[in-house]
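One structure below.
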Amino acid sequence: MAFTPFHRGGSGEPLVALHGFTDTWRTWELVLPALEAQHEVLAPALPGHAGGPPLPQPLTIDFAADAVERLMDEAGWETAHIVGNSLGGWLTLELAARGRARTAVALAPAGGWAEGDDSYLATLDHFTEMKALLAQIAPHADAIAATEDGRRQALALVAEHWQHVPAELVAHMIRGVDACDAVAPLIELARAGGWPLDQSRIACPLRIVWGHEDKILAWPTAAARYREGLPQADWVELDGVGHCPQLDVPLEAAQLILGFTR
């Protein structure tokens, strides 16, 4: 039940795996065996999230990328293959722009709405509402995850396929949202300035993966900025897949990552 600051395992070329907003590093648990067969994987808990360090003060848009760079420096990794989902997908792109990525695989990266599209505000509202709801149900996480209907409802916004996700992992994810201290500060930060990214600086091989059934970052609206600004990317669309392919279709997600890092 404890939240841990990171996971590190496997052998091979280094790979950093970055989770999404309110998630934990364990979102990668179902793909870790495949990834670690070919890579040394570092999957950290982001600042302000369950298991991670506290948010820095003052809080700036660079806080998460700076934290990941420090972890890479401590590991002795000047560069690494980087994969991320949602907020972690945006971080993957930002780290690629900073020259820290050998390859980059972004699964439904945040921040891709077109200029002038304010529909992202509804997404921010969703996270505020979800945080309040999860605070109420987190004490009952084990009981919720023990039933098929409970697991289905708990994963409804992030995965279309839920039957294979272990009950213990579902309960952990519920508690992880409740334990995330970053919700209000990061929403305020996003409302103030969005998530700017200099896409022109991304020079490494780049793959962007998006599920057609994404209920948090809807395809293709939430990808418009990246589709226009990253024409060099290898775009992969997944039919019948939601916001978190690593949970939804872990075998296919692992293949999409490893097929690109090779």
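Taking the condition at pLDDT 95 or above and of a type in the set (Gly, Ala, Ser), does ALA143 pass? Quick ask: steps written out before the conclusion?
Details: at pLDDT 95 or above: yes; of a type in the set (Gly, Ala, Ser): yes.
Spelling it out, ALA143 is indeed at pLDDT 95 or above and of a type in the set (Gly, Ala, Ser).
Checking ILE82 against (1) of a type in the set (A, V, I, L, M, F, W, C); (2) over 13 Å from LEU206 (Cβ atoms); (3) surrounded by 24 or more Cβ atoms within 10 Å (Cβ to Cβ), only one condition comes out false. Which one?
Result: ILE82 passes all but (2).
Where the second residue is at pLDDT 95 or above and among the hydroxyl-bearing types (Ser, Thr, Tyr) and the first is under 17 Å from GLY84 (Cβ atoms) and lies in the stretch 219-243, which pairs have Cβ atoms under 7 Å and are six or more apart or on separate chains?
Here the result reads HIS243/SER86, each pair linking the stretch 219-243 to a residue that is at pLDDT 95 or above and among the hydroxyl-bearing types (Ser, Thr, Tyr).
May I ask you to list the residues in the stretch 5-54 that are closer than 14 Å to LEU169 by Cα, in a loop (DSSP other than H, G, I, E, B) and polar (S, T, N, Q)?
THR24
Please report, ordered by residue number, the helices (runs of 4 or more DSSP H) entirely within the stretch 179-258 with at least 3 residues that are among the polar types (S, T, N, Q).
Where helices (runs of 4 or more DSSP H) fall fully within the stretch 179-258, none carries at least 3 residues being among the polar types (S, T, N, Q).
Restricting to the stretch 25-54, give me the number of residues that are over 22 Å from GLU252 (Cβ atoms) and of a type in the set (S, T, N, Q).
To start, the set of residues in the stretch 25-54 that are over 22 Å from GLU252 (Cβ atoms) comprises 40, 42, 44-54.
The next check asks that each one be of a type in the set (S, T, N, Q); those that pass are none.
Qualifying residue count, the stretch 25-54: 0.
Would you check which residues across the stretch 88-107 are in a strand (DSSP E or B) and over 17 Å from the mean Cα position of the chain (by Cα) and list them?
Narrowing the stretch 88-107 to residues in a strand (DSSP E or B): 101-107.
Answer for the stretch 88-107, where residues must be in a strand (DSSP E or B) and over 17 Å from the mean Cα position of the chain (by Cα): just ARG102.
From (1) of a type in the set (Gly, Ala, Ser); (2) outside any helix (DSSP H, G or I); (3) without any contact (Cβ under 8 Å) to a residue 40 or more places away in the chain, pick out the condition that doesn't hold for GLY84.
(3)
Looking at PRO56, PRO47, which is the one that is surrounded by fewer than 16 Cβ atoms within 10 Å (Cβ to Cβ), over 18 Å from ARG201 (Cα atoms) and either touching a residue at least 12 places away in the same chain (Cβ under 8 Å) or out of contact with any Lys or Arg (no Cβ under 8 Å at 6 or more places or on another chain) (or both)?
Of PRO56, PRO47, the one residue that is surrounded by fewer than 16 Cβ atoms within 10 Å (Cβ to Cβ), over 18 Å from ARG201 (Cα atoms) and either touching a residue at least 12 places away in the same chain (Cβ under 8 Å) or out of contact with any Lys or Arg (no Cβ under 8 Å at 6 or more places or on another chain) (or both) is PRO56.
Closer than 26 Å to GLU252 by Cα and in a helix (DSSP H, G or I): which single residue out of ALA141, ALA171, ALA159 fits that description? It would help to see each step written out before you state the result.
Details: ALA141 fails: closer than 26 Å to GLU252 by Cα; ALA159 fails: in a helix (DSSP H, G or I).
Answer to the selection: ALA171.
Run down ALA65, ALA110 and say which single residue is part of a helix (DSSP H, G or I), closer than 23 Å to ALA233 by Cα, at pLDDT 95 or above and not hydroxyl-bearing (Ser, Thr, Tyr). Walk me through it before giving the result.
On the way: ALA110 fails: part of a helix (DSSP H, G or I).
The unique qualifying residue is ALA65.
Mind listing whichever residues of the stretch 113-126 are over 14 Å from GLY193 (Cβ atoms) and in a loop (DSSP other than H, G, I, E, B)? It would help to see each step written out before you state the result.
Step one: list which residues in the stretch 113-126 are over 14 Å from GLY193 (Cβ atoms), which gives 114, 116-117, 119, 122-123, 125-126.
Of everything in the stretch 113-126, those that are over 14 Å from GLY193 (Cβ atoms) and in a loop (DSSP other than H, G, I, E, B) turn out to be ALA114, GLY116, ASP117, SER119.
So the check is Cβ under 6 Å with 6+ separation or different chains; which pairs have a first residue in the stretch 127-151 that's on the phi < 0 side of the Ramachandran plot and a second one that's of a type outside the set (A, V, I, L, M) and surrounded by 12 or more Cβ atoms within 10 Å (Cβ to Cβ)?
Filtered contacts from the stretch 127-151: LEU134/ASP178; ALA135/ASP178; ALA138/ARG175; ALA138/ASP178; ALA141/ARG175; ILE144/GLY150; ALA145/ARG151; ARG151/TRP162.
The values are calculated or read from the model by the stated rules, or taken from the named source; none is laboratory data. The model shown is predicted, which means the values in this text are computed figures rather than measured ones. Quick reminder, even Gly has a Cβ in these numbers, built from the backbone with ideal geometry, and neighbours come from all protein chains shown.
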